């Protein structure tokens, strides 16, 4: 852990009329760390990122980015942070190179430095062969990677990303994440929101926001341990019949159809197994096996939001 | 679960735009009551296929049948047999929920005598009863998404096309949405869906993976994971992750590598042969190495392995 976290958010609050978009939110992000913000629509993810980026004021609390209070001094923080919103402002009628030059000018990057930096970033993004293509003619994944290149041209210490990979295919998403990981060696702190929880698993720590508050915050491995109960996968040629037979059985909180299997969220697998098998047999629903599977971050997230509160023993944001 | 008649039949389907071959003689069938997933990188030909199947685009050669109708010969007749929903929900934000439903009912010529029942069915199915008079603009994204689906299936089409329907939608809403799809499928509707998110691909009965206009794999999610990857996959625990990823890329035996959750995945020709070299390679760079073991690939690994030819370099620089 570095001496001082790159981002320190304390009791941050923001209201829009009656709505508490961000409600006494407290968390921090270390240099060299990727912190993921997840949560349902309206949980406060975008509002938090916008406050940290200095484009939106806060009502109370403080938000320090690189030791600089962005609530009181938003202009100064802009020198060493970068913010990529959902629709990053690329110029579609400029080429890839011209877009990069534009952002380099905006941040006053010396010519020599920008040439080397942009070459490295373009290579990492797999865009080196597309430098003279118009941004408007790039695929969705390439546009997002170009956005990231532009956001990184001034070598920021803090990178704020708001759902950067929506609609991006898995190959481009891997490139995108590889770039993020390469920044960590430079000590960059990355705070990203995402609606996709396989991405959350790639973060060092994940915070689950709900109604402007941090419901849970921990490393992905630790979060998964907080899932209340267990998950059993039932493989079957008739998964729908399996679900029908077992939904609502004692101890079964939910039965989720996942392709050729059913995921059962149960309170105690060992105790319930015999009863569940019996139910399938008497319903005449064929099945191959019951297998314990690990709860995913998504499972935890859905369960925490549906119950509206954090599971027992929820961690305070560290 | 699956009927024995195909709802969608595609034979030697080819589409050229000038010299560019968007679809290169593809073949597949989707069965009645099946969730058929269509995966591929941006620009692989997914949307072109959907547009042909919806009768919006004429194929260059080959045949496409939807619900028994040849789409090239009778594009108007096809449109009565299908529902279509894309990531841009195409709802009227300034209309009430019920007004949107009525508008789409008119568009699809739902008979007046059926209208009341169909509207009630749609509201119930989408879980938006009681919100009929709400302005669509005021709905949360997840609600809008379910409303858009309800609008697309008001005329009870046997086949529904969903083009990246969940882009940017939170996990709770996405689960509700997939349960809605499963309910439609259990009523015999065929759902044809594209997605970039592999956790969603797991919900499909069968998947097609398409790359640069050609089908590169087809099967159930389990078949894709067990049969289609020609190379071995290693899970590598390594600290810190970022330098570990870069190091893996430098080890000759490693064909590809990516961060996966809190560990790394490495693609190699032969797991047992590559194992010692990988451990040595990481340790010689001063990295802390935990377990290194062969694992079954995830859908994402399969996707990337079969399509990671990357986007082709343009001829000229348009």
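Structure data summary
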| quantity | calculated |
| --- | --- |
| Residue under evaluation residue B:128, criteria (1) assigned to a helix (DSSP H, G or I); (2) at pLDDT below 90; (3) over 30 Å from residue B:64 (Cβ atoms), criterion not met | (1) |
| Index of the failed condition, residue B:145 passing every other in (1) within 14 Å of another protein chain (Cβ to nearest Cβ); (2) surrounded by fewer than 16 Cβ atoms within 10 Å (Cβ to Cβ); (3) outside any loop (DSSP other than H, G, I, E, B) | (2) |
| Test: residue in region B:241-253 that is assigned to a strand (DSSP E or B), in contact (Cβ under 8 Å) with a residue 24 or more places away in the chain, surrounded by 19 or more Cβ atoms within 10 Å (Cβ to Cβ) and away from chain A (no Cβ under 11 Å) | no |
| Per-region count, region B:156-195, residues facing chain A (nearest Cβ under 10 Å), in a helix (DSSP H, G or I) and free of Cβ contacts under 8 Å to residues at least 40 places away in the same chain | 7 |
| Any hit, region A:39-46, residues being assigned to a strand (DSSP E or B) and either crowded, with 21+ Cβ neighbours inside 10 Å or in contact with a helix residue (DSSP H, G or I) (Cβ under 9 Å, 6 or more places away or on another chain) (or both) | no |
| Residue A:106 over 22 Å from residue A:182 (Cα atoms) and within 26 Å of the chain's Cα centre (by Cα) | no |
| Selection within region B:286-301 - more than 10 Å from chain A (Cβ to nearest Cβ) and touching a strand residue (DSSP E or B) at 6+ places or on another chain (Cβ under 7 Å) | B:287, B:288, B:289, B:290, B:291, B:292, B:293, B:294, B:295, B:297 |
| Residue list for region A:1-41, filter: closer than 15 Å to residue A:207 by Cα and without any contact (Cβ under 8 Å) to a residue 24 or more places away in the chain | A:41 |
| Residue that is within 13 Å of chain B (Cβ to nearest Cβ) and either under 24 Å from residue B:197 (Cα atoms) or not in a loop (DSSP other than H, G, I, E, B) (or both), where the choices are A:207, A:167 | A:167 |
| Enumeration of residues in region A:134-147 that are crowded, with 20+ Cβ neighbours inside 10 Å and within 14 Å of chain B (Cβ to nearest Cβ) | A:135, A:138, A:141, A:142, A:143, A:144, A:145, A:146 |
| Selection status of residue A:126, more than 14 Å from chain B (Cβ to nearest Cβ), assigned to a loop (DSSP other than H, G, I, E, B) and touching a helix residue (DSSP H, G or I) at 6+ places or on another chain (Cβ under 6 Å) | no |
| Qualifying residue in region A:171-182 (condition: more than 27 Å from residue A:294 (Cβ to Cβ) and either outside the structural domain of residue A:126 (by TED's automatic domain parsing) or at pLDDT 90 or above (or both)) | yes |
| Members of region B:19-42 that are touching a strand residue (DSSP E or B) at 6+ places or on another chain (Cβ under 9 Å), assigned to a loop (DSSP other than H, G, I, E, B) and over 13 Å from residue B:209 (Cβ atoms) | B:32, B:33, B:34 |
| Among residues of region A:179-188, those that are facing chain B (nearest Cβ under 7 Å) and part of a loop (DSSP other than H, G, I, E, B), counted | 1 |
| Qualifying residues in region A:265-289 (those that are touching a helix residue (DSSP H, G or I) at 6+ places or on another chain (Cβ under 6 Å) and not in a helix (DSSP H, G or I)) - the one nearest to the other protein chains (Cβ to nearest Cβ) | A:285 |
| Flag if residue B:259 is surrounded by 17 or more Cβ atoms within 10 Å (Cβ to Cβ), in contact (Cβ under 8 Å) with a residue 40 or more places away in the chain and part of a strand (DSSP E or B) | no |
| Cβ pairs under 6 Å, 6+ apart, first in region A:101-123 and in the same structural domain as residue A:172 (by TED's automatic domain parsing) and in contact (Cβ under 8 Å) with a residue 40 or more places away in the chain, second surrounded by 12 or more Cβ atoms within 10 Å (Cβ to Cβ) and assigned to a helix (DSSP H, G or I) | A:103/A:150; A:104/A:114; A:121/A:149; A:121/A:152 |
| Residue identified as in the same structural domain as residue B:21 (by TED's automatic domain parsing), crowded, with 20+ Cβ neighbours inside 10 Å and in a strand (DSSP E or B) among B:234, B:264, B:207 | B:207 |
| Filter pass, residue A:223 being within 30 Å of residue B:186 (Cβ to Cβ), in contact (Cβ under 8 Å) with a residue 60 or more places away in the chain and not in a loop (DSSP other than H, G, I, E, B) | no |
| Matching entry among A:212, A:187, A:167 (being at positive phi and at pLDDT below 90) | A:167 |
| Any hit, region B:72-91, residues being at pLDDT below 95, surrounded by 15 or more Cβ atoms within 10 Å (Cβ to Cβ), assigned to a loop (DSSP other than H, G, I, E, B) and out of contact with any strand residue (DSSP E or B) (no Cβ under 9 Å at 6 or more places or on another chain) | yes |
| Residue satisfying condition, being touching a residue at least 24 places away in the same chain (Cβ under 8 Å) and more than 24 Å from the chain's Cα centre (by Cα), within set B:117, B:135, B:57 | B:135 |
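Yes/no matrix, rows are residues, columns are (1) surrounded by 18 or more Cβ atoms within 10 Å (Cβ to Cβ); (2) in a loop (DSSP other than H, G, I, E, B); (3) away from chain B (no Cβ under 14 Å):
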| site | (1), (2), (3) |
| --- | --- |
| A:149 | yes, no, yes |
| A:154 | yes, yes, yes |
| A:177 | yes, no, no |
| A:190 | yes, no, no |
| A:216 | yes, no, no |
| A:228 | no, yes, yes |
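The values are calculated or read from the model by the stated rules, or taken from the named source; none is laboratory data. Here the structure is a predicted model, which is why all the values come from computation and not from measurement. Quick reminder, even Gly has a Cβ in these numbers, built from the backbone with ideal geometry, and neighbours come from all protein chains shown.
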